[in-house]
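Engineer: The structure that follows is given in the form of structure tokens.
The values are calculated or read from the model by the stated rules, or taken from the named source; none is laboratory data. Quick caveat: nothing in here was measured; it's all calculated off a predicted structure. Don't worry about glycine lacking a Cβ; one is built from the backbone with ideal geometry, like all the others, and counts go over all protein chains shown. Protein only, heavy atoms only, side chains kept; ligands, DNA and RNA dropped before computing areas. Shrake-Rupley method; radii C 1.70, N 1.55, O 1.52, S 1.80 Å.
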Amino acid sequence: DNHVSVLHDWDAEAFPWRGTARAVHVVRLFSIALGAGTIAAIYAIARLALPGRPALHITATLLAAFNPMFLFISSSVNNDNLVNLLSATTLALLLDIWRAGLSTRRVVVLAALLALASLAKLSGLALYPVAALAVLGVLVRERHPWAEWARTLLIVIAAWVVIAGWWYARNIHLYGEPFGLNSMIEII
């Protein structure tokens, strides 16, 4: 009843890897790199959220880095690693925007991160309301004119259309809805 022995061809998967085994190992290494990037972003979040508290920066980073499920997911092939990195990076950028204010560069990078996260995984869309609240707070606090509000919104929408819009248009074309959830539920 050892399914691992049944499902794996140990000779074909032995080092030096070739073919599919090599491809899987390369993608797993890429996943590990995404996980390491997520840990770096978590450190940045801790530094921005709790300035002057290095012990807490390290503690937050280590708690994430050595979470057994995070380690497992980071070493496997999936889209969670990319959305984790994009989400953590987005949150770090939002904290930076909250502290340092809006700039065209920050808005463009934020828009790109949001669009990439929504392309990586459907749950990436959940970053949009969080980003909207943070940016809205900054716009109100800094008393930006309405034209700045519209420009910011236009940048975010344009980035989504260019980066991720094609995927949602494809889903509408193939499945009749933007998320493909009904088709996934039918399969399940």
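Engineer: Which of rounded, prolate, oblate describes region 110-188, given a ≥ b ≥ c as roots of the alpha-carbon gyration tensor eigenvalues and a/c under 1.5 marking rounded, otherwise prolate only if a/b is larger than b/c?
Structural biologist: prolate
Engineer: Only Cα pairs under 8 Å and at least 6 apart count here; give the relative contact order of the chain as a rounded whole percent.
Structural biologist: 17
Engineer: Continuing with this model, one more query. Kindly give Rg over Rh for region 145-188, based on alpha-carbon atoms, with the Kirkwood expression for the hydrodynamic radius.
Structural biologist: 1.25
Engineer: Can you find, among A126, M184, Y168, the residue farthest towards the positive end of the dipole of region 110-188? Put +1 on the C-beta of Lys and Arg, -1 on that of Asp and Glu.
Structural biologist: Of the listed residues, the answer is A126.
Engineer: Once a ≥ b ≥ c are taken as the square roots of the eigenvalues of the Cα gyration tensor of region 1-92, is the result rounded (a/c under 1.5), prolate (a/b larger than b/c) or oblate (a/b not larger than b/c)?
Structural biologist: Prolate shape, in that a/c is at least 1.5 and a/b is the bigger ratio.
Engineer: Also, I was wondering about something else. Ignoring ligands, DNA and RNA, what percent of the accessible area of region 37-188 is carbon or sulfur (1.4 Å)?
Structural biologist: Carbon and sulfur together cover 73 percent of it.
Engineer: If you plug each phi of region 41-57 into the Karplus form 6.51 cos²θ - 1.76 cosθ + 1.60 with θ = phi - 60°, what whole-Hz ³J(HN,Hα) values come out, in order, with x for Gly and Pro?
Structural biologist: 5, 5, 4, 4, 4, 4, 5, 6, 7, 10, x, x, 10, x, 5, 6, 4
Engineer: To continue, here is another question. If you build a Gaussian network model of the chain, linking Cα atoms that sit under 10 Å apart, which residue out of I172, I155, I42 swings the most?
Structural biologist: I172
Engineer: A further question on this structure: Would you please classify the overall shape of region 10-50 from the alpha carbon gyration tensor, given that a ≥ b ≥ c denote the square roots of the eigenvalues, rounded means a/c under 1.5, and beyond that prolate means a/b larger than b/c while oblate covers the rest?
Structural biologist: prolate
Engineer: How big is Rg to Rh over region 72-121, alpha-carbon atoms, Rh as the Kirkwood inverse-mean-distance radius?
Structural biologist: Across region 72-121, the Cα-based Rg/Rh ratio is 1.07.
Engineer: Oh, and also: Rolling a 1.4 Å sphere over the protein heavy atoms, what is the accessible area per residue of region 35-188, to the nearest Å²?
Structural biologist: Value for region 35-188: 58 Å² per residue.
Engineer: Let me ask something else. Do the sum for the chain: with -39,500 (n - 2.57) for every DSSP H run of n ≥ 4, divided by all residues, what is the mean residue ellipticity at 222 nm, to the nearest 500 deg cm²/dmol?
Structural biologist: Only helices count here, giving -24000 deg cm²/dmol.
Engineer: Report, to one decimal in Å, the Kirkwood hydrodynamic radius for region 38-157 based on all distinct Cα pairs. Can you show the working numbers first?
Structural biologist: Working: mean 1/r = 0.0657 Å⁻¹.
Averaging 1/r across every pair of different Cα atoms and inverting gives 15.2 Å.
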